[in-house]
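Worksheet: one structure, shown below.
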Amino acid sequence: GAGVSQTPSNKVTEKGKYVELRCDPISGHTALYWYRQSLGQGPEFLIYFQGTGAADDSGLPNDRFFAVRPEGSVSTLKIQRTERGDSAVYLCASSLLLDNEQFFGPGTRLTVL
Amino acid sequence: AQTVTQSQPEMSVQEAETVTLSCTYDTSENNYYLFWYKQPPSRQMILVIRQEAYKQQNATENRFSVNFQKAAKSFSLKISDSQLGDTAMYFCAFISMEYGNKLVFGAGTILRVKS
């Protein structure tokens with residue numbers, strides 16, 4: 001595709017449920033990033049992949065959050081036992097190797113009831 | 001720790017006029033990059049302009065320009081000839097290779113362009 005895509009666009013779930021958020025990066029981009037944007041705030045870093053491996057997962061808030069990128073392209077952010085505080089927009093971005101410009105997707109708005 | 005501060009939660013400007021958005025940052029690094037991103041209600045984060053810290057010349061992109069003061073750790077965005085389509089949230093962001101290739105964002109400034 002021409003840009004980074006994310007699915008679903010919106011996700012409503014109940015407290016305690018499991019959710020998966022998907023990110024399709026720009027073709028050929030080896031680096032992939034996940035950020036979380038709470039209402040009225042700037043995005044905060046969660047995790048960064050270089051290829052298939054997580055190069056930096058220091059932003060994941062706790063062990064309920066996990067992300068994978070098994071083939072070095074599509075990535076899935078997984079949240080177990082969701083809490084109301086997990087409600088936010090989850091943004092994905094990708095970039096070329098060693099390039100500083102990150103291209104963002106439209107985000108997934110997660111609402112935990 | 002790397003921090004980015006945007007002290008103006010909201011700004012308004014009349015169409016066709018000029019507005020400046022402020023940003024300061026804190027880092028001990030020498031090699032880094034600064035960005036301004038625009039986020040309209042669609043949520044799509046769009047890169048407006050970027051500045052390499054090693055370059056003294058201020059970056060410009062059409063109606064958008066920056067005032068980069070490295071010693072003061074200041075990076076303001078000037079929008080000239082404001083248009084209604086410039087209405088959005090604007091984020092200042094910082095990245096350094098030493099800090100791990102992740103963007104650090106400010107809290108954002110809501111800009112409203114009035115007709």
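The values are calculated or read from the model by the stated rules, or taken from the named source; none is laboratory data. Quantities reported herein were computed from a predicted structural model and do not represent experimental measurements. Heads up, the Cβs are rebuilt from the backbone with ideal geometry, glycines too, and the neighbour counts pull from every protein chain shown. Quick note on the areas: whole protein, heavy atoms, side chains included, nothing else; ligands and nucleic acids left out. Shrake-Rupley method; radii C 1.70, N 1.55, O 1.52, S 1.80 Å.
FRET efficiency for the pair residue B:5 and residue B:72, taken as 1/(1 + (r/R0)^6) with r the Cβ-Cβ distance and R0 = 22 Å, rounds to 0.95.
With a cut-off of 13 Å between beta carbons, the residues surrounding residue B:107 carry a summed charge of -2, where Lys and Arg count +1 and Asp and Glu -1. Taking the centroid of alpha carbons for each part, region A:62-112 and region A:10-61 are 1 Å apart. Only Lys, Arg, Asp and Glu carry charge here, each on its Cβ (+1 for the first two, -1 for the last two); on that basis chain B has a dipole of about 100 debye about its Cα centre. For region B:42-115, the set of trypsin sites (Lys or Arg not before Pro) satisfying both a DSSP loop assignment and a count of at most 12 other C-beta atoms within 10 Å is given as B:55.
Amide H contacts under 5 Å for residue A:46: A:34, A:35, A:36, restricted to partners 5 or more places along the chain or on a different chain, H placed in the peptide plane at 1.01 Å from N. Residues in region B:93-110 carry Karplus couplings, in order, of 9, 10, 8, 9, 5, 5, 8, x, 6, 10, 6, 10, 9, x, 7, x, 10, 7 Hz; the curve used is 6.51 cos²θ - 1.76 cosθ + 1.60 with θ = phi - 60°, and Gly or Pro positions show x.
The trypsin sites (Lys or Arg not before Pro) of region A:64-102 meeting both criteria, a DSSP state outside H, G, I, E and B (loop) and at most 16 other C-beta atoms within 10 angstrom of the site's C-beta, are A:64, A:81. Surface composition of chain B: carbon plus sulfur atoms hold 46% of the accessible area, using a 1.4 angstrom probe and ignoring ligands, DNA and RNA.
Principal semi-axes of the equivalent ellipsoid, √(5λ) from the alpha carbon gyration tensor of region B:3-114, are 23, 15, 12 Å from largest down. Over what distance in Å are the Cα centres of region B:73-87 and region B:4-67 separated? If you average the Cα positions of each part, the centres end up 8 Å apart. Show which aspartates and glutamates lie in cross-link reach of residue B:38 when reach means a straight Cα distance below 20 angstrom and same-chain residues fewer than eight apart are skipped. Reachable aspartates and glutamates: A:44, A:99, A:101, B:10, B:15, B:17, B:52, B:61, B:81, B:86.
For region A:46-61, the Karplus equation 6.51 cos²θ - 1.76 cosθ + 1.60, evaluated at θ = phi - 60°, returns couplings of 10, 7, 9, 10, 10, x, 8, x, 7, 6, 7, 10, 5, x, 5, x Hz by residue, with Gly and Pro reported as x. Of the GluC sites (Glu not before Pro) in region A:8-112, the ones in a loop by DSSP (not H, G, I, E or B) with at most 14 other beta carbons within 10 Å are A:14, A:71, A:83, A:101.
Taken along its three principal axes, the alpha carbon spread of region A:5-102 comes to 38, 29, 25 Å, from the longest extent down to the shortest.
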